[in-house]
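Undergrad: Take a look at this one; I'll ask things after.
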Amino acid sequence: MKKVLSIAGSDCSGGAGIQADLKTFSAHGVFGMSVIVSVVAENTSRVIDIQDITPDMIEKQIDAVFEDIEVDAVKIGMLSTPECMKAVAKKLLQYKPQNVVIDPVMYAKNGCPLMNPTAVSTLIDTVIPLADVLTPNIPEAEKIADMQISTVSDMEAAARKIYAMGCKAIVVKGGHHIGNAVDVLFDGENFYHFETSRIDTKNTHGTGCTFSSAIASQLAKGKSVPLAVESAKAYVTMAIEHSLAIGKGCGPTHHFYELYQHGLSKE
Ligand SMILES: Nc1ncnc2c1ncn2[C@@H]1O[C@H](COP(=O)(O)OP(=O)(O)OP(=O)(O)O)[C@@H](O)[C@H]1O
Ligand SMILES: Cc1ncc(COP(=O)(O)O)c(N)n1
């Protein structure tokens, strides 16, 4: 069985973060592991507080996994401070895992910051160059590329700019756009567009975590980057179609084995 590690924040309400990642891994039939970087007291409506794990303890969790288990892919989510970023980057440079998917999480769905705004330069200098696939949403791509994104060709321009920062491939996600949900992949040579109709729901808590974890799972199973992104897009679309009206705010995506078995296994 392929083994996939999530290095991310904990969402106690179960819709995003480590919890969404582990559910996505299980639905893909890979063995999921987790290194918790921050504990977030959050739910479908708001973030109450964030407690970062110390850099030393982040490093020890990563050591505990890598000294014992072969890792086929790593998904990285919320890294709230430059200190967390440096601890994770140091260990990635030490263990050099394959198939590193980095979701540069900056805000929760309700707009609450999950990354300290002063950390963007550390993200660019130390984290982005470690990504085999980087998956910013439009507001994140705007911050990283320092440009406004209003059209699909702006998404392509931002992808080129961010690719030049050292990641091996980038997907700018179009969940925050209007009209169809279009994601733009750039691998340094070609652009690929993955487009679905926009699903009319407010229950999209955890879409970004689900998408990046699905890409990591598919890379672990041996798919190329474009095919892994294509599969992940199909998976997240189904997870949104079946999303759950849990809580008072934006409910979570739904992961269940049958969805995967009866849906994606037919591809
Ligand atoms: N309403 C929707 N209908 C169809 N696809 C969607 C919708 N919202 C998001 N997606 C898809 O979900 C995936 C995640 O994109 P999104 O831009 O929502 O990520 P994110 O912003 O990181 O997530 P979040 O907003 O939860 O932090 C992308 O493939 C995107 O196209
Ligand atoms: C701990 C944690 N990590 C990430 C997100 C963003 O989630 P998403 O972008 O998937 O909605 C979140 N709300 N909480």
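The values are calculated or read from the model by the stated rules, or taken from the named source; none is laboratory data. Predicted model, so just to flag it, every value in this text is computed and none were measured. Counting neighbours? That spans all protein chains shown, and the Cβs are built from the backbone with ideal geometry, glycine included.
Undergrad: Please count how many residues of region 165-179 are under 25 Å from THR204 (Cβ atoms), at pLDDT 95 or above and not β-branched (Val, Ile, Thr).
TA: The number of residues fulfilling the criteria is 3.
Undergrad: While we're here: Does any residue of region 126-141 turn out to be over 23 Å from ILE18 (Cβ atoms) and crowded, with 24+ Cβ neighbours inside 10 Å?
TA: Kept after step one, since they are over 23 Å from ILE18 (Cβ atoms), are these residues of region 126-141: 129, 138, 141.
When the remaining residues are screened for being crowded, with 24+ Cβ neighbours inside 10 Å, the result is 141.
Scanning region 126-141, I find at least one residue that is over 23 Å from ILE18 (Cβ atoms) and crowded, with 24+ Cβ neighbours inside 10 Å, so the answer is yes.
Undergrad: Can you confirm whether region 120-136 contains a residue that is in contact with a helix residue (DSSP H, G or I) (Cβ under 7 Å, 6 or more places away or on another chain), within 16 Å of ligand 1 (Cβ to nearest atom) and closer than 17 Å to ALA220 by Cβ?
TA: Yes, region 120-136 contains a residue that is in contact with a helix residue (DSSP H, G or I) (Cβ under 7 Å, 6 or more places away or on another chain), within 16 Å of ligand 1 (Cβ to nearest atom) and closer than 17 Å to ALA220 by Cβ.
Undergrad: Looking only at region 160-193, how many residues end up being under 16 Å from the mean Cα position of the chain (by Cα) and under 17 Å from VAL229 (Cα atoms)?
TA: 12
Undergrad: Another one. Which helices (runs of 4 or more DSSP H) does region 119-227 wholly contain that include 2 or more residues that are in contact with a strand residue (DSSP E or B) (Cβ under 8 Å, 6 or more places away or on another chain), farther than 22 Å from ALA239 by Cβ and among the hydrophobic types (A, V, I, L, M, F, W, C)?
TA: Fully inside region 119-227 and qualifying: 152-163.
Undergrad: Additional query: Of the residues in region 228-249, how many are more than 7 Å from ligand 1 (Cβ to nearest atom) and assigned to a helix (DSSP H, G or I)?
TA: Number of matching residues: 10.
Undergrad: Working only within region 158-177, note down all residues that are in contact (Cβ under 8 Å) with a residue 12 or more places away in the chain and among the aliphatic types (A, V, I, L, M).
TA: ALA158, ALA159, ILE162, MET165, ALA169, ILE170, VAL171, VAL172
Undergrad: Here's a follow-up. Scan ILE162, ILE215 and give me the residue that is within 13 Å of ligand 1 (Cβ to nearest atom) and modelled with pLDDT of 95 or more.
TA: Within the list ILE162, ILE215, the selection yields ILE215.
Undergrad: Which of the numbered conditions does GLN218 fail, given that it passes all the others? Conditions: (1) within 11 Å of ligand 2 (Cβ to nearest atom); (2) over 15 Å from PRO136 (Cα atoms).
TA: Result: GLN218 passes all but (1).
Undergrad: Within region 190-204, does at least one residue satisfy the condition of being at pLDDT 95 or above, within 22 Å of THR151 (Cβ to Cβ) and within 14 Å of ligand 2 (Cβ to nearest atom)?
TA: No: zero hits.
Undergrad: Out of the strands (runs of 3 or more DSSP E) lying entirely within region 1-116, which hold 1 or more residues that are within 13 Å of ligand 2 (Cβ to nearest atom), surrounded by fewer than 17 Cβ atoms within 10 Å (Cβ to Cβ) and free of Cβ contacts under 8 Å to residues at least 60 places away in the same chain?
TA: Working: elements: 3-11, 31-42, 47-52, 73-76, 100-102.
Qualifying strands (runs of 3 or more DSSP E): 31-42, 47-52.
Undergrad: Quick test for you: out of THR151, THR201, pick the one residue that is over 19 Å from the mean Cα position of the chain (by Cα) and more than 7 Å from ligand 1 (Cβ to nearest atom).
TA: THR151
Undergrad: Right, next: Where residues in region 73-121 are modelled with pLDDT under 95 and of a type in the set (Gly, Ala, Ser), which of them is nearest to THR54 (Cα to Cα)?
TA: Filtering first and then ranking leaves ALA108.
Undergrad: Of everything in region 144-165, what is within 30 Å of GLN51 (Cα to Cα) and surrounded by fewer than 19 Cβ atoms within 10 Å (Cβ to Cβ)? Give them in sequence order.
TA: ASP146, MET165
Undergrad: Here's a follow-up. Restricting attention to region 165-183, which residues are more than 10 Å from ligand 1 (Cβ to nearest atom), within 18 Å of ARG198 (Cα to Cα) and among the hydrophobic types (A, V, I, L, M, F, W, C)?
TA: Within region 165-183, ILE178 is the sole residue that qualifies.
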